[in-house]
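The values are calculated or read from the model by the stated rules, or taken from the named source; none is laboratory data. This structure is a prediction, so every number in the text was calculated from the model and none was measured. Because the Cβ atoms are built from the backbone with ideal geometry, glycine has one as well, and the counts that use them run over all protein chains shown. All accessible areas refer to the heavy atoms of the entire protein, side chains included, with ligands and DNA or RNA removed. Shrake-Rupley method; radii C 1.70, N 1.55, O 1.52, S 1.80 Å.
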Amino acid sequence: MAQVKSCQQCGTGIVGRSDKRFCSDQCRYQSNNTAKRQNQEEKRIQQVNTALRKNRSILRQLSPKGKTTIPRQYLELAGFDFRYLTQFYRTHRGNTYHLCYDYGYLLLPEEKVLIVNWQPYMEAT
Ligand SMILES: [Zn+2]
């Protein structure tokens, strides 16, 4: 009994060699492009996740007890990347906390930062 195979891209039945996965060059090309794009997307997600985790661990290291004022430069020296955040929290007084998971910071005058722990009220809308 002949094995019925179908194209992985479009589902059309494949005639010919049993090791063929696609019905045409066009389908093979399309499938490769999709895979490539998915890889690039995954790679980007992983890069951002890594940056966020690194930022979080720097905040944690520099503020083991959760509330510390330090020069902003300490974060920079530790390799903190200010572009990556998970959340903003704006206080009633108009201050904006920049959060990385369960840690955050507030920029203070004179190039300083206040590092804080995330609090449940920061989730309230
Ligand atoms: Zn096909």
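Some observations on this one:
- When N95, N49, N55, N32 are screened for being open to solvent by less than 90 Å² (accessible area, probe 1.4 Å) and within 16 Å of the ligand (Cβ to nearest atom), only N32 passes.
Yes or no, residue by residue, for (1) modelled with pLDDT of 95 or more; (2) surrounded by 15 or more Cβ atoms within 10 Å (Cβ to Cβ):
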{"position": "L62", "(1), (2)": "yes, yes"}
{"position": "T91", "(1), (2)": "no, no"}
{"position": "C100", "(1), (2)": "yes, yes"}
{"position": "E111", "(1), (2)": "yes, no"}
{"position": "L114", "(1), (2)": "yes, yes"}
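- Count of residues meeting criterion [assigned to a helix (DSSP H, G or I) and free of Cβ contacts under 8 Å to residues at least 40 places away in the same chain] in region 54-74: 6
- Among the candidates S31, S57, S18, residue that is modelled with pLDDT under 95 and of a type outside the set (A, V, I, L, M, F, W, C): S18
- Residues of region 75-103 that are assigned to a strand (DSSP E or B) and more than 17 Å from the chain's Cα centre (by Cα): Y89, R90, T96, Y97.
- Just one of the listed residues (I58, I45) is of a type outside the set (S, T, N, Q) and closer than 15 Å to N117 by Cα, and it is I58.
- Verdict on R37 being without any contact (Cβ under 8 Å) to a residue 60 or more places away in the chain, under 37 Å from the mean Cα position of the chain (by Cα) and either open to solvent by 80 Å² or more (accessible area, probe 1.4 Å) or within 14 Å of the ligand (Cβ to nearest atom) (or both): yes
- Which listed residue is part of a loop (DSSP other than H, G, I, E, B) and either more than 8 Å from the ligand (Cβ to nearest atom) or open to solvent by 90 Å² or more (accessible area, probe 1.4 Å) (or both), from G11, G16: G16
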